[in-house]
Amino acid sequence: MRGIMVKSLIGGIANLEKQNYEIGHGGLSVAGFPFTLDASTNNVSIRAPLSETPDPTKNWSIKSDSLRAHSATLTPLSWNVEHRGQMRIDMRGRNGERYMFDIAPANINAHMVVNTAGKLKLARFEMGRAQLDSLVGTPPLISQLGTLGAGIKISGDIGRVSAMGQNFRLSPKIPNILDNILGRKLALVELDADITNWSILETDGVNAWLATNSRINSEHWAIKWGDADIIGNFNLVFKNGLPEGKIHIRIKKPKPLIQKIIESNPDFEQYAVQANMLISLKETEADGRKSVDITIKNGEVKMGFIPLFKF
């Protein structure tokens with residue numbers, strides 16, 4: 001069994017290298033028999049293939065300190081993975097900008113289950129308090145995080161995703177308009193969503209997934225960021241790489257937020273009266289929130305007839 005495990009790990013690395021990934025590590029230790037399979041290594045490095053086009057599966061590298069994976073011998077398709085120490089990320093954004101930063105400490109606990117064909121069935125991820133220090137290029141959006149957790153469960157061709165993060169401190173380099181409106185303390189982010197065409201996303205990547213009229217449907221999302229205290233749901237389909245659909249939001253005390261948006265964005269001032277009137281006409285619900293629908297179509301985001309953003 002030890003031989004099979006080592007052969008599988010070496011074979012997995014060789015398969016990635018055939019796809020032009022560069023893999024490095026400080027040696028592999030396998031122990032724990034007969035009741036568990038326990039593999040550990042250090043100084044792990046992974047460099048993804050280069051690409052001239054924006055692709056999240058390309059143009060990135062990771063260096064990490066200490067990695068351990070373990071499983072019970074009776075359940076060899078179910079693994080717990082732990083990372084301890086520091087992690088370095090080097091990646092490129094959609095517009096070619098470079099992000100290179102250290103995460104310390106990068107204390108990560110993960111659990112994953114695959115089927116006999118090696119396809120993912122479920123995964124969970126948790127990370128504790130950490131500092132993100134920029135080294136080269138553009139600073140990452142987040143400079144500190146409190147807690148972060150995410151999970152996915154595959155059901156048929158749908159990936160059921162859940163994520164929650166608390167107490168983020170954002171970088172001083174975030175756009176001034178966001179800093180002025182919302183500030184740099186992000187208290188809460190939550191998301192529960194279903195992703196269709198999961199097999200395409202897993203096998204062929206994001207670009208292929210976007211080209212197949214794929215959909216993300218969320219029954220719940222929430223954000224607490226400065227004056228923005230919002231919960232809602234959305235249903236978005238991607239056509240020609242762009243999202244279309246509706247985002248339903250229920251926002252608490254919307255007027256202070258709208259006023260800050262008006263003060264920070266002169267282009268929005270011409271719609272200030274209409275926006276305030278639209279909000280005023282909405283009935284205040286029992287929990288003090290008001291409901292608003294946001295539509296996305298043809299690269300434009302609107303609240304009613306009021307344009308908010310173009311992409």
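Below is a table of values for the structure above.
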| quantity | calculated |
| --- | --- |
| Some residue of region 278-285 being of a type in the set (Ser, Thr, Tyr), in contact with a strand residue (DSSP E or B) (Cβ under 8 Å, 6 or more places away or on another chain) and without any contact (Cβ under 8 Å) to a residue 24 or more places away in the chain | yes |
| Count of residues meeting criterion [out of contact with any Gly (no Cβ under 9 Å at 6 or more places or on another chain) and either surrounded by fewer than 18 Cβ atoms within 10 Å (Cβ to Cβ) or of a type in the set (A, V, I, L, M) (or both)] in region 245-284 | 26 |
| Identity of the residue in region 87-105, among the small types (Gly, Ala, Ser) and over 16 Å from the mean Cα position of the chain (by Cα), that ends up nearest to Leu67 (Cα to Cα) | Ala104 |
| Selection count where residues are under 24 Å from Arg84 (Cα atoms), in a loop (DSSP other than H, G, I, E, B) and either in contact with a Phe, Trp or Tyr (Cβ under 8 Å, 6 or more places away or on another chain) or not hydroxyl-bearing (Ser, Thr, Tyr) (or both), scope region 1-34 | 6 |
| Which listed residue, of Asn235, Asn240, Asn265, Asn217, is within 30 Å of Thr57 (Cα to Cα) and either more than 21 Å from the chain's Cα centre (by Cα) or small (Gly, Ala, Ser) (or both) | Asn240 |
| Residue among Leu191, Leu135, Leu148, Leu186 that alone is touching a strand residue (DSSP E or B) at 6+ places or on another chain (Cβ under 9 Å), of a type in the set (A, V, I, L, M), farther than 30 Å from Ile258 by Cα and part of a strand (DSSP E or B) | Leu135 |
| Region 246-268, subset among the charged types (D, E, K, R) and in contact (Cβ under 8 Å) with a residue 24 or more places away in the chain, residue nearest to Lys224 (Cα to Cα) | Lys252 |
| Hits in region 198-214 (condition: crowded, with 18+ Cβ neighbours inside 10 Å and touching a Gly at 6+ places or on another chain (Cβ under 9 Å)) | Trp198, Leu201, Leu210 |
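Yes/no matrix, rows are residues, columns are (1) buried (at least 16 other Cβ atoms within 10 Å of the Cβ); (2) small (Gly, Ala, Ser); (3) in contact with a strand residue (DSSP E or B) (Cβ under 7 Å, 6 or more places away or on another chain); (4) under 24 Å from Ala106 (Cβ atoms):
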residue: Lys7; (1), (2), (3), (4): no, no, no, no
residue: Gln19; (1), (2), (3), (4): no, no, no, no
residue: Ser40; (1), (2), (3), (4): yes, yes, yes, yes
residue: Lys58; (1), (2), (3), (4): yes, no, no, yes
residue: Ser71; (1), (2), (3), (4): yes, yes, yes, yes
residue: Ser78; (1), (2), (3), (4): no, yes, yes, yes
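Quick grid of which residues meet (1) modelled with pLDDT under 90; (2) touching a Pro at 6+ places or on another chain (Cβ under 7 Å); (3) not assigned by TED's automatic domain parsing to the domain that holds His220:
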{"site": "His83", "(1), (2), (3)": "no, no, yes"}
{"site": "Glu97", "(1), (2), (3)": "yes, no, yes"}
{"site": "Asn107", "(1), (2), (3)": "no, no, yes"}
{"site": "Ala110", "(1), (2), (3)": "no, no, yes"}
{"site": "Leu132", "(1), (2), (3)": "no, yes, yes"}
{"site": "Leu145", "(1), (2), (3)": "no, no, no"}
{"site": "Ala150", "(1), (2), (3)": "no, no, no"}
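The values are calculated or read from the model by the stated rules, or taken from the named source; none is laboratory data. As the structure is a computational prediction, the values presented were derived from the model and not from experiment. With ideal geometry, Cβ positions are generated from the backbone for all residues, glycine too; neighbour counts draw on all protein chains shown.
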